[in-house]
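Input: a single structure, listed below in structure tokens.
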Amino acid sequence: SWEKTVDCYSPGQGLMPASFKVKTMEFDDKKTGEVLDPDFGESAIGRVAPVDSGLWWIILLRAYGKLTGDYTLQEKLEVQTGLQMIINLCLSDGFDMFPSLLVTDGSCMIDRRMGIHGHPLEIQALFYSALRSAREMVVMNDESKNLVGEINNRLSALSFHIREYYWLDMRKVNEIYRYKTEEYSLDATNKFNIYPEQIPMWLMDWIPEEGGYLIGNLQPAHMDFRFFMLGNLWSIVSSLGTPKQNKSVLNLIESKWDDLVGDMPLKICYPALEAEEWRLITGSDPKNT
């Protein structure tokens, strides 16, 4: 973000705007012209900075290079600077103890509160894909050597974390049912202190024997069992899931076609929230109905 601040607070360098406003400006020679005014969250409804736009930008930059064979764009100094800024912002140290990316609610998907704050699957899949893309595009020199090393470390930790802890099938559900809670040790099986009572009623009948999926979110003492379409599909595209997991996700989509597709294009998530739960989680935002 250029020099803009929100209430005297400067956001991290490397933020990518999610939207632009066309403004008419008067230049020195009295001529007027249209310029793009980027929004980094300062004008957004809810003042939420976008987390996903920078990740999409890296992915699209890599796709453009591969499809056209034109690598001159990604090698430009300003593009390399932007690339490294976004990755440094995502890899910066914080309080978080997991390799997944911590984000606020409303910073991705439909920019509306959906109760997906923490470590939503969609952002982890995009993050993994962006890291892989960035690794291919960063121009190697003495300065970027450390960055590539950090990317490699994060990729292996992130893929293990998602494949191991986000994956859900009948075997994993049965495992959760037998979890012991309040385990304070390095070799605890229930690392996130999940209580078996959290498993929703609809889940047991819904998961087919040959299918499985990556859950929407994982936080201490909380598993979001909702099925998020984009996160699961992008995990397949970017090879975040194992080949067996990818096949299981596609099996589940085929088996539950009526629930996930029905009469209209793919549902963002399943099941939909209803009544009081919808009101509490979305903040009664009517655009989420």
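The values are calculated or read from the model by the stated rules, or taken from the named source; none is laboratory data. Bear in mind that the values here come from a model prediction, so they are computed numbers and not experimental data. Neighbour counts run over all protein chains shown; Cβ positions are idealised from the backbone, glycine included. SASA here: full protein model, heavy atoms, side chains in, ligands and nucleic acids out. Shrake-Rupley method; radii C 1.70, N 1.55, O 1.52, S 1.80 Å.
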**Request:** Identify the single condition in (1) free of Cβ contacts under 8 Å to residues at least 24 places away in the same chain; (2) in contact with a Gly (Cβ under 8 Å, 6 or more places away or on another chain) that residue 74 does not satisfy, given that it satisfies every other one.
**Result:** (1)
**Item:** Matching residues in the range 10-34 - criterion: being closer than 21 Å to residue 131 by Cβ and either open to solvent by 90 Å² or more (accessible area, probe 1.4 Å) or assigned by the TED database to the domain that holds residue 230 (or both)
**Value:** 13
**Item:** Matching option when the condition is at pLDDT 95 or above and open to solvent by 50 Å² or more (accessible area, probe 1.4 Å), among 266, 250
**Value:** 250
**Message:** Of the residues 144, 156, 129, 185, only one is in contact (Cβ under 8 Å) with a residue 60 or more places away in the chain and open to solvent by 10 Å² or more (accessible area, probe 1.4 Å); which?
**Reply:** 129
**Prompt:** In this structure, does residue 176 turn out to be aliphatic (A, V, I, L, M) and assigned to a helix (DSSP H, G or I)?
**Reply:** yes
**Request:** Pull up the range 97-114, narrow it to residues that are over 13 Å from the mean Cα position of the chain (by Cα) and modelled with pLDDT of 85 or more, then point me to the one that is surrounded by the fewest Cβ atoms within 10 Å (Cβ to Cβ).
**Result:** 97
**Residue, nearest to residue 103 (Cα to Cα), within the range 35-83, restricted to residues that are open to solvent by 50 Å² or more (accessible area, probe 1.4 Å) and polar (S, T, N, Q)** = 43
**Request:** Provide a single number: the residues in the range 162-173 that are outside any loop (DSSP other than H, G, I, E, B) and either open to solvent by 10 Å² or more (accessible area, probe 1.4 Å) or among the basic types (Lys, Arg) (or both).
**Result:** 7
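Listed here are the residues, each with its yes/no results for (1) farther than 29 Å from residue 179 by Cβ; (2) touching a residue at least 40 places away in the same chain (Cβ under 8 Å).
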| position | (1), (2) |
| --- | --- |
| 215 | no, yes |
| 230 | no, yes |
| 234 | no, yes |
| 245 | no, yes |
| 260 | no, no |
| 267 | yes, no |
| 276 | no, no |
| 287 | yes, yes |
**Item:** Checking residue 191 against (1) touching a residue at least 24 places away in the same chain (Cβ under 8 Å); (2) assigned to a helix (DSSP H, G or I); (3) open to solvent by 80 Å² or more (accessible area, probe 1.4 Å), the condition it does not meet
**Value:** (2)
**Request:** Restricting attention to the range 139-167, report how many residues are at pLDDT below 95 and touching a Gly at 6+ places or on another chain (Cβ under 9 Å).
**Result:** 0
**Request:** Look through 136, 122 and report the one residue that is more than 30 Å from residue 281 (Cα to Cα), charged (D, E, K, R), touching a helix residue (DSSP H, G or I) at 6+ places or on another chain (Cβ under 7 Å) and in a helix (DSSP H, G or I).
**Result:** 136
**Request:** Identify all residues within the range 77-104 that are in contact (Cβ under 8 Å) with a residue 24 or more places away in the chain and not in a helix (DSSP H, G or I); write none if there are none.
**Result:** 92, 98, 99, 100, 101, 103, 104
**Number of positions in the range 205-244 that are part of a helix (DSSP H, G or I), open to solvent by less than 60 Å² (accessible area, probe 1.4 Å) and aliphatic (A, V, I, L, M)** = 3
